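Only the coordinates and a few stated rules stand behind these numbers; no lab work does. Remember, it's a predicted structure, so these values are computed and weren't measured experimentally. A quick note on method: Cβ atoms are made from the backbone with ideal geometry, for glycine too, and the neighbour counts reach across all protein chains shown.
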Amino acid sequence: MFADTLCVYAPSEFLVKPACHLWEREEARRLRRVVFCIEQGLFAGDDTDDLDARAETLIAATCVAGMPDQVVGCVRIHSGETGVWWGSRLAVHPAFRSQGQIGSTLIRLAVGLAHLRGCTRFLAHVQLQNVTLFEKLHWTRLAEVELHGRAHALMQADLAFYPGEARLADGIVTRARLPA
Ligand SMILES: CC(C)(COP(=O)(O)OP(=O)(O)OC[C@H]1O[C@@H](n2cnc3c(N)ncnc32)[C@H](O)[C@@H]1OP(=O)(O)O)[C@@H](O)C(=O)NCCC(=O)NCCS
């Protein structure tokens, strides 16, 4: 009887924002390990590299009562030579993919925040299976390169589609699509 009316709780709101607490950064690192080491087998055991010492982590978190609860997506950004910024290690937990625009919103925040901080060129090495997604988001393929033993596309964001608005520092809320 009760079983008929039981609902499974599923988070419907996600806050995409810079990681500002240690637990947020730690959960992002755990998610990266799950996605890039276990799921994709790109790294053995740990995907940490030298960039982690200076890159900034952005996260997507489920929200409970409006507060960040669990990290389900992440990306990192860093500046290179003058005006050039890079994004890397974009990952969304498998259970949360294609349901709340989480990956797209992480990309929007990453490029928008860099733009706000003076970026004139935003680049990323994109795995080939994700090129279509990035093209949809106004990125252009510049070259093909091999990284970690796999083909990647070097891609550049069109900054005209990523205004560097000050309010981005507070994060962006994105919502799960309602079931049809
Ligand atoms: C790539 C990734 C970050 C996308 O995250 P996501 O939260 O599923 O992406 P979004 O929901 O914002 O996708 C937006 C739209 O693009 C579609 N999409 C998602 N991944 C896509 C892909 N690889 N190719 C084409 N379309 C894609 C989604 O279905 C969605 O379509 P809709 O708007 O019609 O619903 C996620 O699949 C992931 O973590 N993959 C494993 C790690 C990885 O590949 N990292 C990127 C390295 S370059």
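A few remarks follow.
- Environment charge of Leu123, counting only residues whose C-beta is closer than 13 Å and scoring Lys/Arg +1, Asp/Glu -1: 0
- Estimated from helices alone, the mean residue ellipticity of the chain at 222 nm is -5500 deg cm²/dmol (sum of -39500 (n - 2.57) over DSSP H runs with n ≥ 4, per residue).
- Using θ = phi - 60° and Karplus 6.51 cos²θ - 1.76 cosθ + 1.60, couplings along region 132-145 (whole Hz; Gly, Pro as x): 4, 4, 5, 4, 4, 9, 6, 10, 10, 7, 9, 6, 10, 9
- Highest-MSF residue in the chain out of Ala114, Ala28, Ala44 [GNM, Cα springs under 10 Å]: Ala44
- Most mobile of Leu113, Leu15, Leu137 in a GNM of the chain (Cα contacts under 10 Å): Leu137
- Residues whose placed amide H lies under 5 Å from that of His93, excluding near-sequence neighbours: Gly73
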